[in-house]
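**Student:** First, the structure itself, so that you have it in front of you.
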Number of protein chains: 2
Amino acid sequence: MDEASCPEWSLASQAEHGGDLSAARLAYPQAPSPWLDLSTGVNPYSYPFGELPPACWTKLPDSGELQALEAAAAVAYGVPAHAQVVAAPGSQAIINWLPRLLPARRVGILGFTYSEFARSWAATGAKLTIAAEPAALRDHDIAIVVNPNNPDGRLVAAQDLYALAAALVAHGGLLIVDEAFADFLPGASIVPEMPASGIMVLRSFGKTYGLPGLRLGFAIAPAEIGLRLRAAFGPWPVSGAAIAIGSRALLDDQWIAMIRNRLRSNGAALDKILAAAGFVMIGGTKLFRLVRHDAVQLLYQRLAQAGILTRRFEAKPDWLRFGIVAPGAGQTRLRAALGLIGDQNHNGG
Amino acid sequence: MDEASCPEWSLASQAEHGGDLSAARLAYPQAPSPWLDLSTGVNPYSYPFGELPPACWTKLPDSGELQALEAAAAVAYGVPAHAQVVAAPGSQAIINWLPRLLPARRVGILGFTYSEFARSWAATGAKLTIAAEPAALRDHDIAIVVNPNNPDGRLVAAQDLYALAAALVAHGGLLIVDEAFADFLPGASIVPEMPASGIMVLRSFGKTYGLPGLRLGFAIAPAEIGLRLRAAFGPWPVSGAAIAIGSRALLDDQWIAMIRNRLRSNGAALDKILAAAGFVMIGGTKLFRLVRHDAVQLLYQRLAQAGILTRRFEAKPDWLRFGIVAPGAGQTRLRAALGLIGDQNHNGG
C-alpha cells in the first residue's frame, strides 16, 4: 500500500475538491502551519454538541433513533407529509447512488456548477448536457439544479423550479435540486411546497452545522424513490454520532438564527478585504464568495505560500472561491497574504 | 413523517437484523430497562479511543489521513502489495454497492448465512443459489462465502477457498469472502496469501473493536475492483472519527491480543450457562454462539420479557444466537432469565 503502487488513488477520489489539506501541504511544503482552509463552503462555526452518549459508538444505530433523526430533519426542512426523508452518510453519498437508482439517458445540469453530479452520471453512460437556463432542461430524463448554486450563488426562483418539474413529470422525468447551501437563506428552499412527484431535494448537514467530518446529509423524495434510497443505504446508513448530533442540532432554531447573523457580518468583512485586494465579486452564498481577478493563478499561489487554501476552478482560470473567515487571526492572516496589512497600519497609525 | 404514513420503513431497512432495541422495546414494553443486547455479533469490549481531535468533526476528511487509515488496515490485515484497501462506512455499505459494481447473472452463496448478500444481489435480478459446499459454487459468476460463517461459525479452509477462486477466475468469476468475524481467529484470514485476481475480502471494524456505531469497514480487492469501489464511495467515504479511531486501533496489536483472551474465557462461561439451560451447541465464533433448543420461541420470549434481546432466525425456528456476555451483572441476568440462579445459589450455599 505504498503511494507509488496506487497512483490512481488521488485521481479517483480527491481530484478537484476543496478541503484537501494533505495535497496542499505536499504542494506547498514551506507554507506556515496550521493552514487556514478557505477552500470549502463549510460553516466556520461548528454546532456545539457537547458530550456524546457512549452508546452512539458501542451500539448499532437503532431504527427508532434513526427515525427520530429523520423526523427532526423533516421539521427543520419543512418537509410535507407526502415526502420521505432519507438520511445518508453525506449528500455526496446520495449523489453517488442516484445514477444507479434512477437510470436516465438524457441528464441536464444547470451549470457551471459542482462537478460531482456530472462525474457520477457520466459513469453510467448517460448523455450529459450543461444548460445555462432552467427552461432548457425540460426535455431531459433527469434535470439537476444546485440552488443556490455552487460556486456563483445563483438562485433560481421556486416558481421556475416548480414549472420545470411539471414539464419533466409530464414525460416521466425528475428534477433533482441540491439545496446544500439553502439553510442560511430563509425562503429559498422549495421543500415546503414540493409536489408529491417529480422533485427530489438534497440537503447537507455538515456544511451548515460546520461538521463535515460527521458525514450526514438527507434526501427528501417522493415515497417510491425514498424506498429505493433506503434499500441502497441499508439498515445502518449513518453513524451513531450523526444520529445523536443531527437529532439535536436540526431542532435548534436559535443556533441557526444566531449563526446566520454572524455569517452576514463576516461576509461583509470578507467582501471588503476582497474588494481592497482588487477582486471583482461574481456572487456567493452565506458560506463562500466567488470572485474574479486577472491574476488568480498568481494570487492562489501567493495565498497558498502563506498557508491559506482557496478554491480555484480548472475550467474558469480567473475565478477564485473564498470560504467565509471568522474575525480575528484568520482575517488578519488573509489581509497580510493579500498585501493589505500595510494599508491598515497606515490608516490606523 | 408520522409512522402511519410510511409503513414500508421497517420492512425496507431493519427487517431480520440483530441490535434493534427500539423494535424490542415496542414488542416488550414491560421488559426491564436497560436491555441487555445479546442479539448482535459485536464485541462487548469497545476500543478505548479517548479524546478525539476537534478537526475530525469540523474538517472534511482529508485524503492523506484516509490513506493513513487504509495503510493501517493493510498492516492489520496483512494485505499483499498487489491488493487495494478501500475504506467504507461499514462493510454493509460495501455489500449494498457490490451488485451495482459487479454485474452478475449467477450468484452462489455458501449458506445458511447472513441474509444481506442475498437481499442485495436479488435486487439487481441476479439468479441466486444457496449451496452447502464451496465446490458447488465453482460455476457461478460470483461466489460468496462468509468465513467464519455467521451464524454457525463454520470455517472453510484457506486452500479450499483458493481452489474455488482459481476455478472461478478461469471463467471470469470472482470469489467474495466476508471475514467480518475473522479478527479473533489468527490464521483464518485468506488475505495475506490472496492472489492478484479472483478474490475480494470484506472486513468489519465495528464488530471487532466494539464500535459498530462508528460505521467503518474495508474491502480488500484486486486493483481494478478497488478503483470502482473508490469511485462509488467518492472523496469522503468515512467520517473523521472513523479515520481518527480506526488509524490507531488497527495498529494496536496488544489490545486485540488482550481482548481475544477475555473473549475466550467469556465464551467458555457462556457455553456453561447455555448448556445448563438445555441448549445444544451448533457453533459460533469468539463473538457469538449459535444453539438449538426445541422451545426456542418460548425461551426467546422469556428472555425478551426479562429485557434480554437474542437473535432468532425465521428460517430456523429452533436456532438461537447469543452474543458473548461480559462477566458480572450481564451473566447474572442471563442466568436468572434462564432459571439457573436457584441452582447457583444452592451450589454456592
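**Student:** State all residues of the stretch B:67-97 that are under 18 Å from the mean Cα position of the chain (by Cα) and more than 8 Å from every other protein chain (Cβ to nearest Cβ); if no residue qualifies, say none.
**Tutor:** Across the stretch B:67-97, the qualifying residues are B:73, B:76, B:77, B:86, B:87, B:88, B:91, B:94, B:97.
**Student:** Further question on the same structure: I'd like the residue in the stretch A:131-154 that is among the aliphatic types (A, V, I, L, M) and either within 14 Å of chain B (Cβ to nearest Cβ) or surrounded by 15 or more Cβ atoms within 10 Å (Cβ to Cβ) (or both) and, out of all such residues, is farthest from the chain's Cα centre (by Cα).
**Tutor:** Our first condition is that a residue be among the aliphatic types (A, V, I, L, M); within the stretch A:131-154, this holds for A:131-132, A:135-137, A:142-146.
Then drop every residue that is not either within 14 Å of chain B (Cβ to nearest Cβ) or surrounded by 15 or more Cβ atoms within 10 Å (Cβ to Cβ) (or both), which leaves A:131, A:136-137, A:142-146.
Values: A:131: 20, A:136: 24, A:137: 22, A:142: 20, A:143: 18, A:144: 14, A:145: 13, A:146: 9 Å.
Applying the filter and picking the extreme gives A:136.
**Student:** Turning to a different aspect of this structure: In contact with a Lys or Arg (Cβ under 8 Å, 6 or more places away or on another chain), at positive phi and either surrounded by 13 or more Cβ atoms within 10 Å (Cβ to Cβ) or not basic (Lys, Arg) (or both): which single residue out of B:267, B:339, B:307, B:328 fits that description?
**Tutor:** Details: B:267 fails: at positive phi; B:339 fails: in contact with a Lys or Arg (Cβ under 8 Å, 6 or more places away or on another chain); B:328 fails: in contact with a Lys or Arg (Cβ under 8 Å, 6 or more places away or on another chain).
The unique qualifying residue is B:307.
**Student:** Taking helices (runs of 4 or more DSSP H) that fall entirely within the stretch A:1-85, which contain at least 3 residues that are crowded, with 18+ Cβ neighbours inside 10 Å and either modelled with pLDDT of 95 or more or at positive phi (or both)?
**Tutor:** A:55-58, A:63-77
**Student:** Can you pull out every residue in the stretch B:306-336 that is under 16 Å from residue B:265 (Cβ atoms), of a type in the set (A, V, I, L, M, F, W, C) and free of Cβ contacts under 8 Å to residues at least 24 places away in the same chain?
**Tutor:** Of everything in the stretch B:306-336, nothing turns out to be under 16 Å from residue B:265 (Cβ atoms), of a type in the set (A, V, I, L, M, F, W, C) and free of Cβ contacts under 8 Å to residues at least 24 places away in the same chain.
**Student:** If you go through the stretch A:290-303, how many residues are within 20 Å of residue A:43 (Cα to Cα) and out of contact with any helix residue (DSSP H, G or I) (no Cβ under 6 Å at 6 or more places or on another chain)?
**Tutor:** So the answer is 1.
So that you can scan it fast, the table gives a plain yes or no per residue for (1) part of a strand (DSSP E or B); (2) modelled with pLDDT of 95 or more:
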residue: A:271; (1), (2): no, yes
residue: A:283; (1), (2): yes, yes
residue: A:291; (1), (2): yes, yes
residue: A:301; (1), (2): no, yes
residue: A:321; (1), (2): yes, yes
residue: A:342; (1), (2): no, no
residue: A:347; (1), (2): no, no
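**Student:** Of all residues in the stretch B:98-129, how many are over 17 Å from residue B:145 (Cα atoms) and within 12 Å of another protein chain (Cβ to nearest Cβ)?
**Tutor:** Total meeting the criteria: 5.
**Student:** Continuing with the same structure: Check A:206, A:246 and return the single one that is more than 12 Å from every other protein chain (Cβ to nearest Cβ), assigned to a helix (DSSP H, G or I), crowded, with 21+ Cβ neighbours inside 10 Å and under 17 Å from the mean Cα position of the chain (by Cα). Before the answer, list the steps.
**Tutor:** On the way: A:206 fails: more than 12 Å from every other protein chain (Cβ to nearest Cβ).
Criteria check complete, one pass: A:246.
**Student:** Can you find, within the stretch A:209-237, the residue that is nearest to residue A:62 (Cα to Cα) among those that are assigned to a loop (DSSP other than H, G, I, E, B) and more than 7 Å from every other protein chain (Cβ to nearest Cβ)? Full working, then the answer.
**Tutor:** From the stretch A:209-237, those assigned to a loop (DSSP other than H, G, I, E, B) are A:209-211, A:215-216, A:234-237; that's our starting set.
So of that shortlist, the ones also more than 7 Å from every other protein chain (Cβ to nearest Cβ) come out as A:209, A:216, A:237.
Details: A:209: 23, A:216: 16, A:237: 11 Å.
Going through the qualifying residues, I end up with A:237.
**Student:** For the stretch A:303-319, which residues satisfy the criterion of being of a type in the set (D, E, K, R) and in a loop (DSSP other than H, G, I, E, B)? Lay out the reasoning, then the answer.
**Tutor:** Applying the first criterion (of a type in the set (D, E, K, R)) to the stretch A:303-319 yields A:311-312, A:314, A:316, A:318.
Listed by number, the list holds a single entry, A:314.
**Student:** Could you go through the stretch B:126-134 and let me know if any residue there is touching a residue at least 24 places away in the same chain (Cβ under 8 Å), of a type in the set (Val, Ile, Thr) and touching a strand residue (DSSP E or B) at 6+ places or on another chain (Cβ under 7 Å).
**Tutor:** In the first step, residues of the stretch B:126-134 are kept if they are touching a residue at least 24 places away in the same chain (Cβ under 8 Å); the result is B:126, B:134.
Filter once more, so that each one left must be of a type in the set (Val, Ile, Thr): none.
No: zero hits.
**Student:** Which of the residues belonging to the stretch B:86-112 are in a strand (DSSP E or B) and closer than 15 Å to residue B:222 by Cα?
**Tutor:** Filtering the stretch B:86-112 for residues in a strand (DSSP E or B) gives B:86-88, B:106-110.
If the condition is that a residue be in a strand (DSSP E or B) and closer than 15 Å to residue B:222 by Cα, then B:86, B:87 are the ones that fit.
The values are calculated or read from the model by the stated rules, or taken from the named source; none is laboratory data. Note that this is a predicted model, so its numbers are computed, not measured. Because the Cβ atoms are built from the backbone with ideal geometry, glycine has one as well, and the counts that use them run over all protein chains shown.
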